[in-house]
Amino acid sequence: MTLEHRRAIFLQEIGVGAVWVRRDTAHSDQTADIDRVTDTINAASYATQSQTVTLGAVNPSATLPASTGASPASTDAAWDESPLATDPATLPSTAEIALMDWPQLQAAVSACRGCDLCQKRSQTVFGSGDRQAKWLFVGEGPGRTEDQQGAPFVGTAGKLLDAMLSALNLQRDANVYLSNVVKCRSTDAHGADHAPSPQQIALCKPYLERQIALLQPTVIVALGKTAAQALLGCDPGTSLSSLRGQLHRAHQCPTVVTYHPAYLLRKPIAKREAWDDLCLALRTYADQTANPSAE
Ligand code: SF4
């Protein structure tokens, strides 16, 4: 199967398949190819023996605007001001967080008022999914819909992420865990979704680090620049394009960087590059499963 076919299958999953379908490819052939690539991805994802999975080359040439955003730009009305203030005492120490189990960690996040993001949240968004999962996807932070529903990656960006997961033969709540760098929604002065500050990320990061330690994923996929910078400890000026297309390690775990689905909704042309990134993640998973000590 050619790279072009695999891209077509992925892009069909995310709704722009026609862009990549070869003019000489019959529809019935595409359908058969979908079955074959699904089998291939499935085998690669759950292989216990070494096997070769030939996947697409990575194109690191893309650039990203200054902020990926947690979700598509919101035009919602301004939030009501909350009379509640921050309370650093509700933020456990890093050492205390490092000893927490899943229920303790979730309770600590729910009670946390350790940074100013608590003031306008509807609720915290802890993360969701299979706590035995080998795949961890990390985004920037909850957007408006996530804040309302208390779950990560819902709404239109969440649907696109589900399609990306499906292309990897993964499924939300089945074999993947979803989380964010910060657990409370960040907004600008007009109430629109906004990237959290480095200070807010630093305060909230021990919660994510404990999630990673409890999960011990085989592969982490960082969705967007903010998540990548936070996971990899990069300078805030580091571009997403400089991080894509190569394998990193975050908290001893192989980590791949790609676009946030909210960005892909705004820039559908970048989906083809996202597919390259997912191929790298899938190849990394297969390599790690076959040889867990491999760098
Ligand atoms: S963003 Fe994190 S540190 Fe800030 S209040 Fe929410 S849970 Fe606490």
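Here are a few things to note about the model shown:
- Within the set Tyr207, Tyr177, the sole residue that is of a type in the set (Phe, Trp, Tyr), within 16 Å of the ligand (Cβ to nearest atom) and under 18 Å from the mean Cα position of the chain (by Cα) turns out to be Tyr207.
- Region 84-110, residues that are assigned to a helix (DSSP H, G or I), farther than 29 Å from Asp162 by Cα and within 10 Å of the ligand (Cβ to nearest atom): Pro88, Thr90
- Boolean, Pro152 is outside any helix (DSSP H, G or I) and at pLDDT 95 or above: yes
- Test: Tyr207 is under 20 Å from Val257 (Cβ atoms) and either buried (at least 22 other Cβ atoms within 10 Å of the Cβ) or charged (D, E, K, R) (or both): no
- Tally, over region 159-171, of residues that are surrounded by fewer than 21 Cβ atoms within 10 Å (Cβ to Cβ) and either in contact (Cβ under 8 Å) with a residue 60 or more places away in the chain or touching an Asp or Glu at 6+ places or on another chain (Cβ under 6 Å) (or both): 3
- Note on region 236-295: enclosed helices (runs of 4 or more DSSP H) holding 3 or more residues that are hydroxyl-bearing (Ser, Thr, Tyr) are 271-290.
- Among the conditions (1) assigned to a loop (DSSP other than H, G, I, E, B); (2) within 16 Å of the ligand (Cβ to nearest atom); (3) without any contact (Cβ under 8 Å) to a residue 12 or more places away in the chain; (4) among the small types (Gly, Ala, Ser), the only one that Ala189 does not satisfy is (2).
- Residue tally, condition more than 14 Å from the ligand (Cβ to nearest atom) and more than 15 Å from Ala213 (Cβ to Cβ), over region 111-139: 5
Yes/no matrix, rows are residues, columns are (1) at positive phi; (2) of a type outside the set (S, T, N, Q); (3) in a loop (DSSP other than H, G, I, E, B):
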| residue | (1), (2), (3) |
| --- | --- |
| Leu161 | no, yes, no |
| Ser166 | no, no, no |
| Asn175 | no, no, yes |
| Lys183 | no, yes, yes |
| Ile201 | no, yes, no |
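- Set Ala213, Ala195: member being more than 16 Å from the ligand (Cβ to nearest atom) and within 25 Å of Leu280 (Cβ to Cβ): Ala213
- Scanning region 211-270 for residues that are of a type in the set (Gly, Ala, Ser), closer than 29 Å to Asp101 by Cα and surrounded by 17 or more Cβ atoms within 10 Å (Cβ to Cβ) returns Ala222, Gly224, Ala227, Ala228, Ala230, Ala250.
The values are calculated or read from the model by the stated rules, or taken from the named source; none is laboratory data. Values in this document were obtained by computation on a predicted structure and should not be read as measured data. In this analysis, Cβ positions are derived from the backbone assuming ideal geometry, glycine residues included, and neighbour counts consider all displayed protein chains.
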